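Read through the structure below, which is laid out as structure tokens, and then see the notes.
The values are calculated or read from the model by the stated rules, or taken from the named source; none is laboratory data. Everything numeric in this text was worked out from a predicted model, so none of it was measured. In this analysis, Cβ positions are derived from the backbone assuming ideal geometry, glycine residues included, and neighbour counts consider all displayed protein chains.
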Amino acid sequence: MPVSRRLLATALVATAAFGLAACGPDNSPDQSAKGTTAPPAATAPATSPATAPATKGAAPATAPAGSASDEPEGFCTHAPLPAGQKWIYPVKGTSTTTLAYRDTKDACGVNDVSFEPVGADRTAAFAPTAKGHLSSVMAAPKDVDLAGVVKHINECLASPHSEKGSYPCSAGDYKVAVDASGKVTELWERAHS
């Protein structure tokens, strides 16, 4: 009885090995166990970045960097914004008349480009008709008036991971639109997971 179990186990192992040998590393069905497999197609790094689909209120990020070991991995630059728009990071001091913020620079992120605050605090006046668009991975997007977006910014600056304020906080970066006079007319919060 033990001999037949060994024979059965040997047969199963041989069958599994043959099945694995029949397909190459890319599991192409056209490869065979006869040793006549075609060499895998060569892949070259992309010469121009592809962009990921855009989400409402957020700029699409570029595709991950190539596979060269000296290049950063992940999503490292955001897509160009229309004239008059930029990414900022609000700071304390924002009121219904003035946005206090820091400029940002792109940084590599795993799932999307990241924005890091840089430089000194700056201010820009709000246009009287300014409006905001709040985004969160925990709630549906929400359009708010100027008072609502300022309240949200200040709640999130006071308690960045709060879910109890007027709306769940995200990571803090916003895309803003500025008119010809330099006044902020619109803000889009960027949702983060």
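So here's what we get for this one:
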read-out	value
Among the residues listed as Pro117, Pro90, the single one being surrounded by 13 or more Cβ atoms within 10 Å (Cβ to Cβ), at negative phi and modelled with pLDDT under 90	Pro117
Residues (of a type in the set (Val, Ile, Thr) and in contact (Cβ under 8 Å) with a residue 24 or more places away in the chain) located in region 83-133	Ile88, Val91, Thr94, Thr96, Thr97, Thr98, Thr104, Val110, Val113, Thr123, Thr129
Of all residues making up region 182-193, the number that are acidic (Asp, Glu) and either in a loop (DSSP other than H, G, I, E, B) or modelled with pLDDT under 90 (or both)	0
Residues located in region 152-181, provided they are modelled with pLDDT of 90 or more, among the charged types (D, E, K, R) and crowded, with 18+ Cβ neighbours inside 10 Å	Lys175
Any hit, region 145-166, residues being among the β-branched types (Val, Ile, Thr) and over 19 Å from Arg102 (Cα atoms)	no
Those residues of region 134-176 which are assigned to a loop (DSSP other than H, G, I, E, B) and without any contact (Cβ under 8 Å) to a residue 24 or more places away in the chain, in sequence order	Ala140, Ser159, Pro160, His161, Ser162, Lys164, Gly165, Ser166, Ala171
